[in-house]
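The structure appears right after this line, and notes come after that.
The values are calculated or read from the model by the stated rules, or taken from the named source; none is laboratory data. All figures in this text were calculated on a predicted structure; none of them were measured in a lab. Here Cβ is always computed from backbone atoms with ideal geometry, including for glycine, and neighbour counts include all displayed protein chains. Please note that ligands, DNA and RNA were not included when accessible areas were found on the heavy atoms of the full protein model with its side chains. Shrake-Rupley method; radii C 1.70, N 1.55, O 1.52, S 1.80 Å.
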Amino acid sequence: QVQLVESGGGLVQAGDSLRLSCAASGRTFKSSVMGWFRQAPGKVRLFVAGISRNGDTTSYADSVKGRFTISRDNATNTVYLHLNSLKPEDTAVYYCAAALRDGIPTRSYDYYAWGQGTQVTVSS
């Protein structure tokens, strides 16, 4: 199993950048595909980005492609999400998650572990 703790959220203005971190503990981190999801008030939790076990493959939602970058450091058991050119519609709680599936799943039910989330608020 793996335990996940996100950090780095905050209140920013449109066009600003943020870096979210997800610190993982547990034996299965290096064998897990990692993903970031987000959930806006009153809406479903949606896939944002994912990264393969060794970091050589990434996947992004169309809404963030070219603006967000996911990375991981298996030496420190950390996953990052760099958020650039932020827009008000990026406002949400961002969650880190771990999966043991092949490929990079985009459905939340394919992920077995979740963090508590970190709030990102983008003002216009």
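Observations on the model:
- Scan of segment 1-19 for residues that are in a loop (DSSP other than H, G, I, E, B) and within 16 Å of the chain's Cα centre (by Cα), ordered by number: Val2, Gly8, Gly9, Ser17
- Any hit, segment 105-113, residues being within 16 Å of Ala61 (Cβ to Cβ), in contact (Cβ under 8 Å) with a residue 40 or more places away in the chain and in contact with a Pro (Cβ under 9 Å, 6 or more places away or on another chain): yes
- When Tyr60 is tested against (1) open to solvent by less than 30 Å² (accessible area, probe 1.4 Å); (2) under 21 Å from Asp110 (Cα atoms); (3) without any contact (Cβ under 8 Å) to a residue 60 or more places away in the chain; (4) over 9 Å from the mean Cα position of the chain (by Cα), just one condition goes unmet, and that condition is (1).
- Scanning segment 79-113 for residues that are open to solvent by 10 Å² or more (accessible area, probe 1.4 Å), closer than 20 Å to Ser17 by Cα and in a loop (DSSP other than H, G, I, E, B) yields Asn84, Ser85, Lys87, Thr91.
- Residue in segment 81-97 that is touching a Phe, Trp or Tyr at 6+ places or on another chain (Cβ under 7 Å), among the hydroxyl-bearing types (Ser, Thr, Tyr), in contact (Cβ under 8 Å) with a residue 24 or more places away in the chain and within 19 Å of Glu6 (Cα to Cα) present: yes
- Scanning segment 20-49 for residues that are under 10 Å from the mean Cα position of the chain (by Cα) and either open to solvent by 30 Å² or more (accessible area, probe 1.4 Å) or over 10 Å from Arg72 (Cβ atoms) (or both) returns Leu20, Ser21, Gly35, Trp36, Phe37, Arg38, Phe47, Val48, Ala49.
- In segment 60-78, residue nearest to Leu4 (Cα to Cα) [restricted to those that are out of contact with any Asp or Glu (no Cβ under 9 Å at 6 or more places or on another chain) and outside any loop (DSSP other than H, G, I, E, B)]: Thr78
- Hits in segment 1-13 (condition: more than 16 Å from Asn77 (Cα to Cα) and open to solvent by 50 Å² or more (accessible area, probe 1.4 Å)): Leu11, Gln13
- Only a single criterion out of (1) within 13 Å of Tyr111 (Cβ to Cβ); (2) in contact (Cβ under 8 Å) with a residue 60 or more places away in the chain is not satisfied by Gln3, namely (1).
- Just one of the listed residues (Thr121, Thr76) is modelled with pLDDT of 95 or more and in contact with a strand residue (DSSP E or B) (Cβ under 7 Å, 6 or more places away or on another chain), and it is Thr121.
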